Every structure is written in structure tokens, then in C-alpha cells.
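Here is the structure we will look at.
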Amino acid sequence: MLLAIDTATQHISLALHDGDAVTAEQTWHSPNNHTIELAPAVSVMLARANLTIDALTHLAVCVGPGSYSALRIGVAFAKGLASVRKIPLCGVNTFDIAARAFDIWQDDGGRDALMITAQAGRGRVLACRYQYDSEHWTRYEAPEGEPTEPELYDWDALMDVIQAMDQFVIITGEVDGHGREVIQTRRDQLGNHARFWLAPPALRMRRAAHLADAAWEQFRTPSAKREAFNAAAVKPVYIKTKDSP
């Protein structure tokens, strides 16, 4: 049984996944309570599934990018549990988890793109572009063949980038009230010429079940080396905000 943990931002998401099916999942808004809510929630989820901690054979955790205060709690919890229980731990990127929700949105012709966002504080978002590769959405590859890295924008600057793209763009991830206003204003200005769409809230929500799916794929990759799943190898990636060290 795999336990997946995501505390990268202002939500906590947990899931239990046996490799074939999700047996339990919970996601909730937790702006400043990750420390006191995470461990009890894991205990309750295991109890509801009629399991004990001994049933866990694998762990997965979101490694960011995320806020310093929130992300480190989940990563530290997962690394501690993996070390004590001596079970493998897989770290998965925030944007890769969010992209999983769109695997059913198959785009064999390369006509569409995902723009995934994460709140970075002070009116900024960290955004990363994804493309469909016949099985999953993956980071967009620049002409040089290298995957693009997430970049910081304010919402107006990000919408300028999106409007300049030659694809239809699905905007997903964390979108605050100001972001929704900017997106709607641009749609109103462009009318039928708008080539972007804000995904609905349920699709934008990052879920631990998607994290678990991604982790099982990595665990089952024939070329995967066991040392890659050692707790010491899992490193968090922080978004630089006012509370970063």
C-alpha cells in the first residue's frame, strides 16, 4: 500500500493507493495548519481503510515547487516515515501532479497546451508550460530540446505570454481571485478570438491520487534504481516568498 502526501501549498491532500486502485483520498484547505493537521489525518485515513501503519510498503510526496512553510512539513513527515519504516519514497513535482488531471484530454495533434500555475506570493505566480506526448502531459520542450523551467510572472505578464502562443491554452493550477479577474477581462476583450480557457475548480485541484499514480509508475519503471527512492535523495524545491529562509 502506498501513502501519498501533498502539503506544497495551502491545501493538504492524502491518498492510499494499492497499485491498482485508490482506496482512500482526502483533500482540504489548510492555510496555516499543516503542522497540527497532517499526522492526525494520516492516522484517521488509515483507520478508515482498516489499515495500520505496518500496511504501508511505499510512500510518495510532492516535492514542490511550493511555499517553504507548507512544503517542508509534508516532505519532512514523509522522509521521517520512510526512514523509520525503511520503505521507498518517491518525490513528484507539483506541476507534474497538476498535469495528471488532464491525461484524459488527449491531444495527439499538438494543438493544445497546458499552462500550470502555483501561487508565489506578492501577486506573482510560478507558471510552467506542458505539452502532450501521446501518454501524459509533460514539460514543453524548447527548440533546443530541453524541458522549459517554471518562471515567475504577474498575471498580466503571464496572459501576454499565453496570448502570444500559437496553441489553444488550458490554464490550470492555483488561480486566485485576481488571476480569475485578469483571465476573464482578457476573454471579454478578445471575445471569440480568445484561444485560452480556465479549467474548472475541480480540475485545477491538485490531488494526492494523481501523485500516487505518478509514483507507482516510477516505482515500476524497469530502469529505476532503488537508491533513487531513498529518503535522503528526496529534496524539496521552494518558491521564493517572503517566508523563505
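The values are calculated or read from the model by the stated rules, or taken from the named source; none is laboratory data. It should be emphasised that the depicted structure is a prediction, and the values quoted were computed from it without experimental measurement. Ideal geometry is used to build each Cβ from the backbone, glycine not excepted, and the neighbour counts take in all protein chains shown.
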How many of the residues in the stretch 36-61 are of a type outside the set (A, V, I, L, M, F, W, C) and within 18 Å of Arg207 (Cα to Cα)? 2
Quick count over the stretch 65-92, residues being closer than 17 Å to Ala212 by Cα, outside any strand (DSSP E or B) and touching a Lys or Arg at 6+ places or on another chain (Cβ under 9 Å), is 2
Among what's in the stretch 30-64 and is more than 19 Å from Trp216 (Cα to Cα), in contact with a helix residue (DSSP H, G or I) (Cβ under 7 Å, 6 or more places away or on another chain) and not in a helix (DSSP H, G or I), pick the residue that is modelled with the highest pLDDT. Thr52
Tally of residues being free of Cβ contacts under 8 Å to residues at least 12 places away in the same chain and among the aliphatic types (A, V, I, L, M) across the stretch 1-55: 4
The lone exception for Thr221 - which of (1) assigned by TED's automatic domain parsing to the domain that holds Leu114; (2) out of contact with any helix residue (DSSP H, G or I) (no Cβ under 8 Å at 6 or more places or on another chain); (3) β-branched (Val, Ile, Thr) it fails: (1)
Every residue in the stretch 166-199 that is among the hydrophobic types (A, V, I, L, M, F, W, C) and farther than 25 Å from Thr9 by Cβ, please. Phe168, Leu190, Ala194
(1) farther than 16 Å from Thr94 by Cβ; (2) touching a strand residue (DSSP E or B) at 6+ places or on another chain (Cβ under 6 Å); (3) at pLDDT 95 or above all hold for Gln167 apart from (3)
Glu149 versus (1) closer than 30 Å to Asn230 by Cα; (2) outside the structural domain of Cys62 (by TED's automatic domain parsing); (3) touching a Leu at 6+ places or on another chain (Cβ under 9 Å): which is the lone unmet condition? (3)
Members of the stretch 87-113 that are modelled with pLDDT of 95 or more, more than 13 Å from the chain's Cα centre (by Cα) and among the hydrophobic types (A, V, I, L, M, F, W, C): Ile87, Leu89, Cys90
Pairs, first over 21 Å from Ala98 (Cβ atoms) in the stretch 212-232, second assigned to a helix (DSSP H, G or I), C-beta under 6 Å, six or more apart: Ala231/Lys79; Ala231/Ala82; Ala231/Ser83
Here are some conditions: (1) touching a residue at least 40 places away in the same chain (Cβ under 8 Å); (2) exposed (fewer than 13 other Cβ atoms within 10 Å of the Cβ); (3) more than 20 Å from the chain's Cα centre (by Cα). Asp188 meets all but one. Which one does it not meet? (1)
Could you please find all residues in the stretch 134-158 being under 25 Å from Val175 (Cβ atoms) and among the polar types (S, T, N, Q)? Thr138, Thr148
